[in-house]
Structures are given as C-alpha cells and as structure tokens.
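As structure tokens, the structure follows; a few thoughts come after it.
The values are calculated or read from the model by the stated rules, or taken from the named source; none is laboratory data. Worth saying up front: this structure is predicted, and the values here are computed from it rather than measured. Positions of Cβ are generated from backbone atoms using ideal geometry, with glycine treated the same way; all protein chains shown enter the neighbour counts.
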Amino acid sequence: MNEPDFAGLMDACGPFERNPHVAVAVSGGADSLALMHLLKAWTVARQGRLTALTVDHGLRPDSAAEAQTVAGWAKAAGIKHHILNWTGDKPQSGLQAAARDARYGLLGAWCRAAHVLHLATAHQLDDQRETVAMRQARGGGDQTGLAGMSLITNREGVRLFRPLLGVPAADLRRFLTALGANWIEDPSNRQERFERIRWRQGLEGPLPTPAEIRNWGKQRARDEEAMVDLLMRSADIRPAGHVLVDLDVWQAAPGRLLAPALWRLMATVSGRDYPPARAPLDRALKNLLTGGSVASLGGTLIGRWQGKGLICREAGAVTEALRTSGLWDCRFQVEWTRSEAGGLVSALGEVGVAEIGQSGLLRQSSVDIPPLARPALPAVRDATGRLIFVPYLGFDPYGRGQDAQFRFLPRNSATSSGFTVAYGWPHTI
C-alpha cells in the first residue's frame, strides 16, 4: 500500500485539522503495526504528530515483554510510544469483553489527558466480517448489528476512527513483509474457546461478503438520520437526568426506528456503551408503547409518567461513589467550589427518598421529577453516612448547596455523528 492509497482511506475519515496529532492503538500484531507505519508517513506529510499507544492487559506472562518490543519498534520508526497498563483484578468470565472495555478506557483517558482528538484503531475487513457474523448469529436480521463497525465513532470526546475497515488482513501482512517489518502473533488467536476465533477458522459458518456489509451499512446510515429526526421531535432530556418521550410521535414513526431510538436514550441515561440483547429490548419497547409494566433493562427503568414515556436510571445499577470533583455515574459532572467542602456522592436510594419525605423539606418544584427517577439521583452524605444535600430535590438543611455544582453531562449523547460506511480503496501492495 502506498501513501496516495492510504491518503484516500484517511480522507474518508476526515476532516483533520492542520498539523494533526493522531494516536494509534498498537498491540504488536500485523494489522496495528501496518497502521502505525502508514500513519507515520501520513502525519509526516502533513507536518503532524503520531503517538503509538500499547495496552498491556497483563493476561499473559509475555505481555509486558511484548509491550516493550512494540515500544522498541516504534522508537526505531521515530514514533513516540506509551505503554498503558490494565491493573487490578481480572474477571473469570467475559474476559474478552472486559479487556476490550479496559483497553478503550485506557486509550480514551490518555487521549483526553493529552488533548488528542483522533484515535486510530486497526480493525480491518476480516474483523468487520467476523463482527457482523457474530451479531447476525445473535440478533437475526437487525440492520443495526448487520452494519458492523462504523468508520468513525465518538467516545467521550475522542474521535475513534478505523481507516483499514475496507482492507483485507492479508494485504496488511504483505505490506509489512515488503517493509521488512516484524510483528507478534497473539496465541489467543488460535484458541477456539473464543467465538471470534471459531468464526475466523470457519467453524461457525460462512462470513458475510463485503458487499452485503456495505449495503447494510448504507441502510443503517439512512435509518440513523431518520432516528435523529425522531428523537429531536419526541425526546425531552431533563436536567435531572431522565428522559420524557412523546409516545404519539413514536406511535406514528416507522417501527424499525423505535428500538434503536430507545437504546440511544437508555445509553444516555445509563452511560453504557453496548445495547442489551434484542429480545428484551423489544419487550421493553412493547411495554412502553402499550402502557405495560415498568421494565428494568440495561441499568435503566422504562415506563410511563403523566402520559409520557419515561426512561430513567435504575438506582440498583448505580455502584459508583465519588468523593472529589468529577463525572459521577457517567451522568453528572460534580464540581466542589471549596476543596474542603466535599462529601461522598452516591445514589439517593429508596431509603433516602423516604428520609427526605419524612423531613418535610422536599422542594415543591421536585414534583417535576418522576418518583421512579428519584432513587437514582445524586445525593451527598458526610463521613457518618448522614444525608446532607440532594441537589435536584432541594434537600439542603445544612446549607451545603452553595459548595457544589451538579450538571447532567452524560457520557453518551442521545444522537451521534451518525454511522459511516467504510469502503475498500484501490491500493498497491
């Protein structure tokens, strides 16, 4: 692959600012190393900068040494490099998903701290086909899943892009071989206990064709545009962190838009990045439209209030406690105006709701907050566990409200930049 060919792939991922600073995730495998070398030439031609990031998951005895090997390859290529370590306990089940979440968390945190907007990953055409096959096997004919990975995704202020989605893995290996470059073969890529590896080895069935994925992607892009219009006309995102939905608008909308629209609102309220299985999502949607029972799904509660649809955070799903300024529960930005004034921010809970009601200090305007949403509101407690401040319910018997600011600033927006389709690009190996 030469520079003009790769430049065409990058054009599809733009626009980029003048003299761009780009970070690239480099595991040491052939795909990510090929992307690192291609991005090096691309950034140099634009008087930009490239930083390579390697996440050491600590899951294999050789992982630390492999990360150092990648660092050496990056240094030899004149590329700045950082190793990011995943520390702490590792789960016994769902290890690949947990490692993926940790990887994106570490990469995104580094980019935000370094004020780097663009993060490139080396997902390629074979990865895309495997991803779509797995989603197809789980979710049937859902167009959202069949569209695969988007060319560009926004994650917490970082612009994640995948310029190689249209390039086969074999082409990238030939490119590296022509460079005389080495790469690391991950032994987990041969372990059939992982679903992706079974698809890769042809054990689960045939993979979808690039043309099929492209067509599904085009349909998803059209549907996302229509879904954004639907949400703009129907969803009212409230400052206390819940969402009210005009169900008359939803009843008149194309049915294929409703489950994705519901998931986007759930992601905004809960901070979660991945949707639940389609069957429970469809059941929750049906209950919402027909006035059925409240559904608990994906860290949210889904029901009705005063004739509107209601999506709010489920208090039982909130596990985070925050003692300093920062983003609490992926929803509320907390700022203490005096460093010595902080308390413990956690979910109010049913007990806290009852305590405020018994105190007689519930602000009258709090009736605008549905009772179902109140237990998941942020509450401040002192070192003894005493409830001292609940901003959205006006509970402030000790005058602590002047010491803190709470803003609903969810990690996931209800609308995104839209699904973008990756196309293959003429290239020479």
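Miscellaneous remarks
- Pick from the stretch 309-331, criterion over 15 Å from Pro375 (Cβ atoms) and polar (S, T, N, Q), ranking: surrounded by the most Cβ atoms within 10 Å (Cβ to Cβ): Ser325
- Test: Arg200 is basic (Lys, Arg), more than 22 Å from the chain's Cα centre (by Cα) and either more than 26 Å from Tyr104 (Cα to Cα) or not assigned by TED's automatic domain parsing to the domain that holds Pro378 (or both): yes
- Listed by first and then second residue, the pairs linking a residue in the stretch 53-65 that is over 19 Å from Val24 (Cα atoms) and at pLDDT 95 or above to a residue that is buried (at least 20 other Cβ atoms within 10 Å of the Cβ) and charged (D, E, K, R), with Cβ atoms under 8 Å apart and 6 or more places separating them unless they lie on different chains, form an empty list.
- Subset of the stretch 410-429 that is β-branched (Val, Ile, Thr) and closer than 29 Å to Asp236 by Cα - its residue that is modelled with the lowest pLDDT: Thr420
- From the list Leu257, Leu281, Leu247, Leu289, the lone residue that is touching a helix residue (DSSP H, G or I) at 6+ places or on another chain (Cβ under 7 Å), surrounded by 22 or more Cβ atoms within 10 Å (Cβ to Cβ) and either more than 14 Å from Leu372 (Cβ to Cβ) or aromatic (Phe, Trp, Tyr) (or both) is Leu281.
- Long-range neighbours under 7 Å by Cβ, at least six apart or interchain, first residue assigned by TED's automatic domain parsing to the domain that holds Gly292 within the stretch 235-247, second in a loop (DSSP other than H, G, I, E, B) and crowded, with 21+ Cβ neighbours inside 10 Å: Ala240/Leu377; Gly241/Arg331
- Here the stretch 121-152 is the region considered, the condition is being of a type in the set (Lys, Arg) and either within 18 Å of the chain's Cα centre (by Cα) or modelled with pLDDT of 80 or more (or both), and the residue that is nearest to Asp31 (Cα to Cα) is Arg129.
- Filter pass, Arg155 being charged (D, E, K, R), over 22 Å from Gly28 (Cα atoms) and modelled with pLDDT under 85: yes
- Condition met for Leu207 (of a type outside the set (S, T, N, Q), part of a helix (DSSP H, G or I) and touching a residue at least 24 places away in the same chain (Cβ under 8 Å)): no
- If only residues of the stretch 103-140 that are out of contact with any Ser or Thr (no Cβ under 8 Å at 6 or more places or on another chain) and β-branched (Val, Ile, Thr) are counted, the one that is surrounded by the fewest Cβ atoms within 10 Å (Cβ to Cβ) is Thr131.
- Residue match in the stretch 105-113 (condition: within 23 Å of Thr43 (Cβ to Cβ), assigned to a helix (DSSP H, G or I), modelled with pLDDT of 95 or more and aromatic (Phe, Trp, Tyr)): yes
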